[in-house]
Amino acid sequence: MTEPAKSKTIRVTVDGIEYTRDVEARTLLVRFIREALNHTGTHFGCDTGHCGSCSVIVDGKVVKSCMVLAVQADGADIETVEGLANPDGSLHPIQQAFSQYHALQCGFCTPGVLMAAKYLLETNPHPNEEEIRRGIKGNLCRCTGYVNIVRAIQSLANEEEVRV
Amino acid sequence: MALLLRELEYVRPDSLEDAVRLLSELPDAGLLAGGQSLINVLKMRIGGYSTLIDISRLRELKAIEVGEKSLRVGAGVTYDELMHSMEVSLHRPTLVDVVGRIADPQVRNRGTLGGNCCYNDPTCHLPPILTAIGTVFEARGSHGTRMIPASEFFVSYYQTSLGPGEMLVALHVPKLKSRSGDGFVPLSVGGTDVLNIIAGAATVTLAEEGGIEEVVIVVTGASERPIRLESVEEGLKGTAGQPDDADRAFSLLDLALLDPPDDVHASAEYRRDMVPVFTRRALEQAMKNARRGIHD
Amino acid sequence: MSQTLTEDKVSIKTWSGQSIPRKEDGRLVKGQGRFADDIRRHHEAHVYLLRSPYGHARIRAVDVSAAEAAPGVIATLTGAEVHFLQKPFMQIAPLPGGYIEDYCLAVDKVRFMGEPVVAVLAETAEAARDAADLVEVDYEPLPALITGEDALKDDGPVLHGKVGSNVVWHGLYDWGSIDEAKRKADKIVKIDRLHFHRFTSTPIECNAAVVEYYPGSEEYTIWCNNTMPQFAAMFMGPALGIPTDRMHFITQDIGGSFGNKITNYVYIAICAILAKKSGRPVRWTEYRTDHILGGSHGNERTFLDIEVPVKNDGTILGIDARAIDDCGAYPRYEPLGSVIWSQVVPGAYQFRNVRVDYTQVVTNKCPVGPNRGYSRLQHLWMLERVIDIVAHELNLDAVAIRKQNYIQPEQMPYETPNGCVYDSGDYPRCLDLALDLIHYDHWRQRQRELSGTGKLIGIGIGSTLDSGTNNFGQARIINHDLPFSGNGEVSNVKLDLYGEVVVTIGTTPQGQGHETTAAQVVADLLGLHPDQVRVLIGHDNGRNVYTGFSGTYASQFAVTGLGAVRGAALKLKNEIELLAAGIFGAAPDAIELVDGTARVKGKAEMAIPFIGLANIVFANNATIPDGLDVSLNCTYTYRPSFKIPDVERKFGNLTLTYATQIHACVIEVDEATGETKILEYGAADDSGTLIHPQIVEGQVHGAAGLGIGAALYEALEYDAEGQMISPNFYAYKAVTAVDVPMIKTAAIESPSPFSPNGAKGMGEGGGAPLHAICSALQDVMYQRTRAIVSDSYNPAERVYRLLRQSETANRGVHVIENRA
């Protein structure tokens, strides 16, 4: 594409399903996911890229989807919280750990925290406490004081074999 | 403020050449790289651009090349890519440390070196350290390429010396010399490295016997642009860099140089008080790193 | 969870008391929760609110013509129209404070930055936002009123002309005899001023609503995240002329509230008006900046002229103080906070003479609303500041003075000077536990060793009570004419057509795990596994299970919510037993409920599964045993036993339960910068009988996290012109994972004698970290300049200043020897 345009047809894969949609250039990826695709599992909690609730993994990298234009994600493979569990509905180990350690209360920030945690463990399978805290510092949680979130991630970091 | 931007046009050129051409041709066009600051500006609907030229996928901006005396780092290299660059960790390790502190993993996966520098927010990490280590900025416009030293690149709040139609394509980062070390110590709000109230940066080269041969000390957050503490540098040169040398040198600090802002994060007075604290900590870190170099 | 089958008998531990996996988690970790902004309605339209850029200004003119002509715009709404369409919202304050007129959009003046001025409804959110840029508002800026103290000055602006002053409410609280206490005291410690700052819990989910109007039945369906929907209905009904039964509130998953979502009815009212005006479902999405500017803030309170009569041995005899509470531009839930603090008049302490001259005022700032620890934390913080200052000024040990003045366990239940009854607790033991968590002795030793080295260690304690289950009769202390008293919650427990066990509650949980704990309680009573109990999500008055108090606030679910669930489950159990007894010709007390079956004890063959019982009642009722009147659909309202307080003496039992939280911390302060680092943090809590210990511990963590943020990083600040300077997460530094330490916890259980299950409300945390961190900073200051930590907000710069305060400066503290 070499001519400027107000909208564009994009093709993205979200949680394994490919979508082709016309999208306005000004549409943020988070709004594309929530409004155009109606995948409401990905949340937003601020308007400045601080809360991390909208975190998704784009081509293997965790990003805040409110800080990316949907048109920029053209061609991308996007993972959201809704694709974390196994196809049979059983939970991903990170989801399991979050439940087991009571790492969520209201559950609103959780989709973003889970994606940040998944990325953290993919890039650093055995993080120590400080690395865990730095790994999720782009995600705000107002319920847990982060204590059980850190513990849940620690429970996976300490395993000999971490499969994420 | 909302997640609702003004209507805008978008274009993603396939080459750097096209990007430069579009930038000079299109009225009111801006470059979109990682977008980790620009997208927020667009959300605020203050200023911003009516056309965005997406340069985030241009391979020409992604290269990290090792030259004889310096590294040429593409402006489109993300923080995360820089953190994982063997070349940079070998030749200017402090940059790896500094970008590793920026904001959070999500921001580091998108944000670019060029974006950080061109945004030139006084709370950003890179302007002070890049200034201290003598980075040269390579800009390209329709009239060709221009090299701009850091001391001229950062002009004022959110302003650089890039002209209309000109884009930053690469940073030329001097390789760390032997017996040298860098330091970077920010006072950041809440310790999260999203916003730096003050940031001190320093680079030191020691003489063989261990005294200070060359030193550059820079601070941001104390003025509209990164500023060098030249009087302190002069006071340190030739000394052994011991605490009382530093005491004497910092007593030469020209407070009149400082014109810090007064905002919700800190008063101007506090910022002024913090300048010697954080620049000195940066110096100490640089000295430590330089001495480690000697022992290696 | 073990379940042992022995022959015919099932012996089972109770599910209550176990930390079972939460029922809510399954959907929430999969992104399948349904939050207010996830609701989509066919043909929905989107509202965008244009907000005031000024703190205080007269609206000269509003021109919406360009906006109305913009593409996609369906309708606009201005204050002038609202003035016709809405009566002012009810005021809780008596006259003249009650003269305040509060509309959903600013009518003649704007009184805070961010106050909504014009609503634009359009086909898309983008179109509404774009059109809002075309609205022209002509403002005449007025001088702004920013501090509570300034609000009381004679020559300043008056926000609400009809009131005649900026005072919302004033009252003198006077119990015991403070004057006599002052005569008896050895010393009087005077503290000039303590300031509790403005902050907010600001949940990550902002407010949101979708409102749909059906002209056929004149009914509004309101999907939202309001956490006290029937309170909202009571405000919206008279204001909009809608009978409360025509407002169908539906809440589902709510992304945190901490009280902040109670007052969003103002915004829901805008949506309701637009829904009727446009005939379209109206969807409103609030963003963070909107929320911080115009959502709800915590109360800011200034304490002046504090006088504390003390004996030389450290016995505190009482407190005399003036309090000025700043509720922002409109009171809304206020001035209830002006009495709610008095649930904890003496805090954890024994003194019995208290006089507080209390004034609440309006200022040009965002309206306040309940915020975790609501109104009590300000007062408890002041008390803890007093304790530390008295201890240091009298050279007494901070631990010893607390233990000496604490109400002792053998005094429980304890009636406070204003007639509140502390139900149970062991404060000294909780303090010991908290001190153990932070290795108190070790750090005191380290502190002495480090003395003079430039390393500054401070140790602090925050003692708090978490009062739960309000007696709404306390509102009458504010306004004698208010017809409110007591409290209550409703639950329905039923069998559905095929015997499914379904629980409905009137509450609006936001992470407190109501579905799980309710299932535990029901499972225990009906002989089921909690997985066999379905608890419906959220509040829905279409389910016909609510009182006017329904919701989730003020730490009461474990008492009122579970009290109602228990009552309803017991009724259902009773019906099941009657029905099974009728079927088998047995006595009802011979029936037992085991694993979804009702059976005659000892006779395995005489058993009927719940599906069989349901079939008889719902689809086969010619077979109901003669004379039995059973519905298998049982509703119960739990009402705590409360009386109306004595409004003249401001005396009575204002709350049912008092959980304890004692926090302790060790900090290190960087002398060069004033930065505070928390080295150890411990919280000991006593929430009575625990239904789900892990959930309770999670609440302790959460309250600690927010409190640490508030103490060190989070402040809502305005400049002198009324511009908010912290309207987003750049400037409002919400605490992150790297800002808080691992919070250690310990718990004891002192069952409440007053609640149905021994549990106590908890979850507020009483602002304990503010107390503990200020206490630790004070400990640091007494090693240096003896500066007084007089503000609850202590970012690095403030600590830096305190460390440099001149030793000859007026510290604002004076110890007067009593010569009488």
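The values are calculated or read from the model by the stated rules, or taken from the named source; none is laboratory data. All figures in this text were calculated on a predicted structure; none of them were measured in a lab. Counting neighbours? That spans all protein chains shown, and the Cβs are built from the backbone with ideal geometry, glycine included.
In table form, for the structure just shown:
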{"quantity": "Options A:L28, A:L84, A:L91; residue that is more than 28 Å from A:V150 (Cβ to Cβ) and modelled with pLDDT of 95 or more", "calculated": "A:L28"}
{"quantity": "Test: residue in segment C:732-749 that is in contact with a Pro (Cβ under 8 Å, 6 or more places away or on another chain) and either within 14 Å of chain A (Cβ to nearest Cβ) or surrounded by fewer than 24 Cβ atoms within 10 Å (Cβ to Cβ) (or both)", "calculated": "yes"}
{"quantity": "Among the candidates B:D193, B:D273, B:D247, residue that is of a type in the set (D, E) and assigned to a loop (DSSP other than H, G, I, E, B)", "calculated": "B:D193"}
{"quantity": "Every residue from segment A:94-126 that is within 11 Å of chain C (Cβ to nearest Cβ), in contact (Cβ under 8 Å) with a residue 60 or more places away in the chain and not in a loop (DSSP other than H, G, I, E, B)", "calculated": "A:I94, A:P111, A:G112, A:V113, A:M115, A:A116"}
{"quantity": "Members of segment A:127-143 that are more than 22 Å from C:E515 (Cα to Cα) and either among the hydrophobic types (A, V, I, L, M, F, W, C) or away from chain B (no Cβ under 14 Å) (or both)", "calculated": "A:N128, A:E129, A:I132, A:I136, A:L140"}
{"quantity": "When residues of segment C:715-769 are limited to those that are of a type outside the set (G, A, S) and not in a loop (DSSP other than H, G, I, E, B), the one nearest to C:A564 (Cα to Cα)", "calculated": "C:I748"}
{"quantity": "Scope segment C:159-168; condition out of contact with any Cys (no Cβ under 9 Å at 6 or more places or on another chain) and surrounded by 15 or more Cβ atoms within 10 Å (Cβ to Cβ); matching residues", "calculated": "C:L159, C:H160, C:V163, C:S165, C:N166, C:V167"}
{"quantity": "Output for segment A:66-92, where each listed residue is under 16 Å from B:I55 (Cα atoms) and part of a helix (DSSP H, G or I)", "calculated": "A:M67, A:A70, A:V71, A:Q72, A:A73"}
{"quantity": "Residue, farthest from C:Y713 (Cα to Cα), within segment B:213-231, restricted to residues that are surrounded by fewer than 24 Cβ atoms within 10 Å (Cβ to Cβ) and of a type in the set (V, I, T)", "calculated": "B:V216"}
{"quantity": "All positions within segment C:74-104 that are surrounded by fewer than 23 Cβ atoms within 10 Å (Cβ to Cβ), part of a strand (DSSP E or B) and among the aliphatic types (A, V, I, L, M)", "calculated": "C:I74, C:A75"}
{"quantity": "Per-region count, segment B:179-211, residues of a type in the set (V, I, T), surrounded by fewer than 24 Cβ atoms within 10 Å (Cβ to Cβ) and farther than 24 Å from B:V264 by Cβ", "calculated": "1"}
{"quantity": "Segments classed as strands (runs of 3 or more DSSP E), wholly inside segment C:445-548, with at least 3 members that are within 30 Å of C:V421 (Cα to Cα)", "calculated": "C:456-470, C:489-495"}
{"quantity": "Qualifying residue in segment C:660-682 (condition: touching a Lys or Arg at 6+ places or on another chain (Cβ under 9 Å), surrounded by 22 or more Cβ atoms within 10 Å (Cβ to Cβ) and within 13 Å of chain A (Cβ to nearest Cβ))", "calculated": "yes"}
{"quantity": "Options A:T20, A:T2, A:T42, A:T13; residue that is within 26 Å of A:C141 (Cα to Cα), hydroxyl-bearing (S, T, Y) and outside the structural domain of A:A152 (by TED's automatic domain parsing)", "calculated": "A:T42"}
{"quantity": "Residue count for segment A:14-29, restricted to those that are in contact with a helix residue (DSSP H, G or I) (Cβ under 7 Å, 6 or more places away or on another chain) and closer than 23 Å to C:H42 by Cβ", "calculated": "3"}
{"quantity": "Candidate set from segment A:3-49 (those that are assigned to a loop (DSSP other than H, G, I, E, B) and among the acidic types (D, E)); member that is farthest from the other protein chains (Cβ to nearest Cβ)", "calculated": "A:D15"}
{"quantity": "Selection count, segment A:74-93, where residues are away from chain C (no Cβ under 12 Å), surrounded by fewer than 24 Cβ atoms within 10 Å (Cβ to Cβ) and either within 25 Å of B:K43 (Cβ to Cβ) or free of Cβ contacts under 8 Å to residues at least 60 places away in the same chain (or both)", "calculated": "5"}
{"quantity": "Residues of segment C:549-582 classified as over 16 Å from C:Q230 (Cβ atoms) and in a helix (DSSP H, G or I), total", "calculated": "22"}
{"quantity": "Output for segment B:258-277, where each listed residue is surrounded by 16 or more Cβ atoms within 10 Å (Cβ to Cβ) and more than 8 Å from every other protein chain (Cβ to nearest Cβ)", "calculated": "B:L258, B:P260, B:P261, B:R271, B:R272, B:V275, B:P276"}
{"quantity": "C:G506 being surrounded by 20 or more Cβ atoms within 10 Å (Cβ to Cβ), closer than 21 Å to C:M762 by Cα and out of contact with any Asp or Glu (no Cβ under 9 Å at 6 or more places or on another chain)", "calculated": "no"}
{"quantity": "Test: residue in segment C:144-155 that is in a loop (DSSP other than H, G, I, E, B), within 14 Å of chain B (Cβ to nearest Cβ) and touching a residue at least 12 places away in the same chain (Cβ under 8 Å)", "calculated": "no"}
{"quantity": "Set A:S65, A:S53: member being within 21 Å of C:R288 (Cα to Cα) and more than 7 Å from every other protein chain (Cβ to nearest Cβ)", "calculated": "A:S65"}
{"quantity": "Qualifying residue in segment B:72-84 (condition: at the interface with chain A (Cβ under 10 Å from one of its Cβ atoms), in contact with a strand residue (DSSP E or B) (Cβ under 6 Å, 6 or more places away or on another chain), under 26 Å from B:S24 (Cα atoms) and not basic (K, R))", "calculated": "yes"}
{"quantity": "Segment C:286-299 residues that are over 14 Å from C:N225 (Cα atoms), paired with ones that are assigned to a helix (DSSP H, G or I) and polar (S, T, N, Q) (beta carbon under 8 Å, 6 or more apart)", "calculated": "C:N299/C:Q378"}
{"quantity": "Segments classed as helices (runs of 4 or more DSSP H), wholly inside segment B:1-98, with at least 1 members that are outside the structural domain of B:Y157 (by TED's automatic domain parsing) and either at pLDDT 95 or above or farther than 24 Å from A:T9 by Cβ (or both)", "calculated": "B:16-25, B:38-44"}
{"quantity": "Those residues of segment B:41-69 which are surrounded by fewer than 19 Cβ atoms within 10 Å (Cβ to Cβ) and either within 11 Å of chain A (Cβ to nearest Cβ) or farther than 30 Å from B:L26 by Cα (or both), in sequence order", "calculated": "B:V41, B:M44, B:R45, B:G48, B:S50, B:R57, B:E65, B:V66, B:G67, B:E68, B:K69"}
{"quantity": "Qualifying residue in segment C:244-263 (condition: of a type in the set (A, V, I, L, M), crowded, with 23+ Cβ neighbours inside 10 Å and farther than 30 Å from A:C106 by Cα)", "calculated": "no"}
{"quantity": "Index of the failed condition, C:D290 passing every other in (1) assigned by TED's automatic domain parsing to the domain that holds C:T657; (2) over 30 Å from C:F651 (Cβ atoms); (3) of a type outside the set (G, A, S)", "calculated": "(1)"}
